[in-house]
Structure formats: structure tokens, C-alpha cells
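Enquirer: Here's a structure for you.
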Amino acid sequence: MTKIVYNTEVRKSGYEWGKPEDLADKLIEWDPEISKYKAKARAGIYKSPKKEYKNNFVLVPADPSPTAQMIIKPMEKDTWISFYRVAEKTNIGTKPLPDDEIRAELQKFFKQHGIANGEIADFSIWKDHLLTMNDLFLARDEGNMEELYRLLQSTEQRRFNFLSEFSLLLNANFSLNSEKRIEMVIECTNLWDFILYDFMFSKGVLERWFTCKHCEEDFQWDRKKDYCSPKCKRRAAYERQQVKGRDK
Ligand SMILES: [Zn+2]
């Protein structure tokens, strides 16, 4: 048994994308535990006129303050499915939606699942992750293990480039679970690693997605269903009654 761990922070007010130079103060406020030096260095990078940072969008919580309402918890298993859904919805593999629409979809994903305190999500990198997720899923779906392996190798390659720059490390250790069985625990240091390992260790159960006819939220179910919850079903029925009443 292998357990993949990544602690996320879900900010109630959600997240927003912005240009790094406009967000430097928010980024520092979001990450109170980081040493002042690191925060300053990072803000310096974002404020620098270097071209590669100029047109980037990065993610920050709408309210970055340490006292904002939030839930800190381990990321749930099978979160990769939700991420794959974003890839599907944005047509990333074929004819991608415009960037602002992709950002809006990612924003919903982050609002639901959160991201670790102070972890920088760069839009161009996350757009790339969406494509990788899409391709990984298709390769596994087709049983094309050579392609799957190739994709993992290239994402690994990029990760190592990232590692050398930011010195993130993957932590793995053992634990004894409640059934007295030894588990391997992989502690991820960033959200993309978590999604990747979550996918690789998943059983591949991909439930179907539907859009609720009442609240228009997306939800998962194993067979066709019109409403996400009994509440929405009741409300929709109630609204139909109201309309009928008016028509009389
Ligand atoms: Zn609903």
C-alpha cells in the first residue's frame, strides 16, 4: 500500500490570477512562514523586468491574510480526476479554449481543492500540466504504456529542472497503519507532484461527469443523472410548480 500525501489549504474566498508584479505584496502576505529574505527575493524576481516573468499570470488567494477563513487538510485521493476534468472541459488536447477561460476553469479547481500555503502556481506551467494530464490519461486509457512512460519521463525531466532551481524534495517513508500493515507514505512537496502520483497509484476509476440542471455545478456519478443532489431535484420541481401556477 502506498499513501500519497499533500497538505492543502482551501481558502474560502477562493483564488485569483494576476500579474506577478501586481501581486508581490499579496504573495508575501500569503506566505507568512517563509523567511523574510526568501519572500523579498521572490518579490524581487516578480518585480524584475525580466521578460519571462512579464506576461505570466500567477495564482494568489483572493484574501491572502493568515487569518482569512480556510481549511487545512490532506488532499483527497482521486483529485487527479477533477484535474483531468478541467483538461477535458478546456479542450486542451485538441482546440484549447482562450487562456482567460482556461484560467477561469483552473480557478474553480483551486477554489475547490486549494493549494499549499505560498505555493506559486504559474499559469503557463499549469496549462502545460493540463495537457500532460490529458495525454497521460489517454495513453493509459489506450493501454499505451510506451507513451505513458515517455510522458512520465518528460514531466520528470522538467521536474528535475525545477528541482535544481528551487530545491524541492520528495519525501518517502514508512508507516504502520491501523491494520498493522506497513505502508509507504509519499509526501509531495507540490500540488502537481501530488496529482501525478495520485494518478499513477489510482485504480483508474473515472466516474462520468454531468452538469446539474438546477444549480449548473459539475458533479460525478457512475450513471446519467440530471441533478447533483436531492435538494436540487426538489428545488427544480418546486420551480416547475411555480411556473405552472403562474401560467394558469
Ligand atoms: Zn445542483
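Enquirer: Beyond 24 Å between alpha-carbons counts as too far, so tell me which of K89/K231; K89/K213; K89/K111; K12/K233 fall in that bin.
Expert: Check vs 24 Å cut-off fails for K89/K231; K12/K233.
Enquirer: Report the label-to-label distance for L131 and S65 in nanometres (one decimal), using points 7 Å from each Cα along the Cα→Cβ vector.
Expert: 4.0 nm
Enquirer: With the crude spin-label approximation of a point 7 Å out along Cα→Cβ, what separation in nm comes out for K224 versus S124?
Expert: Placing both labels 7 Å beyond Cα along the Cβ direction yields 4.4 nm.
Enquirer: Another question, if that's okay. Over segment 207-248, what lengths in whole Å, largest first, do the semi-axes of the equivalent ellipsoid take, defined as the square roots of 5 times the eigenvalues of the alpha-carbon gyration tensor?
Expert: Working: eigenvalues 126, 12, 11 Å².
Values for segment 207-248, descending: 25, 8, 8 Å.
Read-outs throughout are calculated quantities, based only on the coordinates presented, and are distinct from any laboratory measurement. Everything numeric here is computed off the predicted structure, so don't read it as measured data. A quick note on method: Cβ atoms are made from the backbone with ideal geometry, for glycine too, and the neighbour counts reach across all protein chains shown.
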